[in-house]
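> The following block contains the structure, expressed as structure tokens.
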Amino acid sequence: MSRSGDEPPVTIPRDPAQEAARRELSKRMYHENDPGWFQRALDALWDWIDELFSSASTATPGGTLGLIVIIVAVLAVLGALWWRLGTPRRAPVSAPALFDDRPRSAADHRAAAEAHAAQGHWNQAVQERMRAVVRALEERALLDIRPGRTADEAATEAGRALPVHGDRLRAAARDFDDVTYGGRPGTEQSYRRLTELDRDLERGKPRLVTGAAGTTADGTDPNSRQGAAG
């Protein structure tokens, strides 16, 4: 029996229709070419970056070009700081000892320093030359032999015995610490300064006051010397 044209069409309520559509679309055949979870996550990341970049370029004077200029400028500043200061390193809680457990003479340290310098190994050359400086002072009894001494301590103590070289000794200790613990590369210039200091110290006369006689180590009376200068 045919349906007359004035009868309303058969309709399905909204909720059952939506449920039927969801069941149909959930079938595997409709999702064979869908992107995987990694691709979806990557797409979401790029959408977030694009939105962030667009928002930043809108807020930056000059738009996208202005934002690019700012980013390049920031990277240039960071690069300059990295080149000037070197890779950041955590400062040691206490400076390690200047020498290792193997006792060597000043001549041994000088020979090692020269060998490193000949090969352009300036870090090791600076370290060995500073050790030669301190060992030579110990051999002359201007410093007591103390295995746990640091470069800064050696420079301070030696500066009392050889005050004319105090500033250079402290600068040498800083060079040693920068190379050994600060992450800065040694240079030929710093090595040459240490070498010159080592040679000058060999010729230097100490001015240590003896408690009993009240004279300096070179046999002169510091009071009479001050009077002559006045």
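> Looking at R104, R140, R135, R149, which is the one that is within 20 Å of R203 (Cβ to Cβ), surrounded by 15 or more Cβ atoms within 10 Å (Cβ to Cβ) and basic (K, R)?
R135
> With the structure loaded, tell me whether R89 is assigned to a loop (DSSP other than H, G, I, E, B), within 25 Å of I145 (Cα to Cα) and either among the basic types (K, R) or at pLDDT below 75 (or both) or whether it fails that test. Break it down into steps so the answer makes sense when it comes.
On the way: assigned to a loop (DSSP other than H, G, I, E, B): yes; within 25 Å of I145 (Cα to Cα): no; either among the basic types (K, R) or at pLDDT below 75 (or both): yes.
When the stated conditions are applied, R89 does not pass them.
> I've got another one for you. Scan the range 159-168 and give yes if some residue there is over 16 Å from E196 (Cα atoms), in the same structural domain as E196 (by TED's automatic domain parsing) and either hydrophobic (A, V, I, L, M, F, W, C) or assigned to a loop (DSSP other than H, G, I, E, B) (or both), otherwise no.
Yes, because at least one residue in the range 159-168 is over 16 Å from E196 (Cα atoms), in the same structural domain as E196 (by TED's automatic domain parsing) and either hydrophobic (A, V, I, L, M, F, W, C) or assigned to a loop (DSSP other than H, G, I, E, B) (or both).
> Any chance the range 175-195 includes a residue that's surrounded by 15 or more Cβ atoms within 10 Å (Cβ to Cβ), over 27 Å from H121 (Cβ atoms) and not acidic (D, E)?
Taking every residue of the range 175-195 in turn, none turns out to be surrounded by 15 or more Cβ atoms within 10 Å (Cβ to Cβ), over 27 Å from H121 (Cβ atoms) and not acidic (D, E).
> Go through the range 180-199 residue by residue and tally those that are assigned to a helix (DSSP H, G or I) and modelled with pLDDT of 90 or more. It would help to see each step written out before you state the result.
Taking the range 180-199 first, the residues assigned to a helix (DSSP H, G or I) are 180, 188-199.
Those left that are additionally modelled with pLDDT of 90 or more: 188-199.
Going through the range 180-199 one residue at a time, the tally reaches 12.
The values are calculated or read from the model by the stated rules, or taken from the named source; none is laboratory data. What you are looking at is a predicted structure, and each value in this text was computed from that prediction instead of being measured. Every residue, glycine as well, gets a Cβ built from its backbone with ideal geometry; the counts of neighbours run over all protein chains shown.
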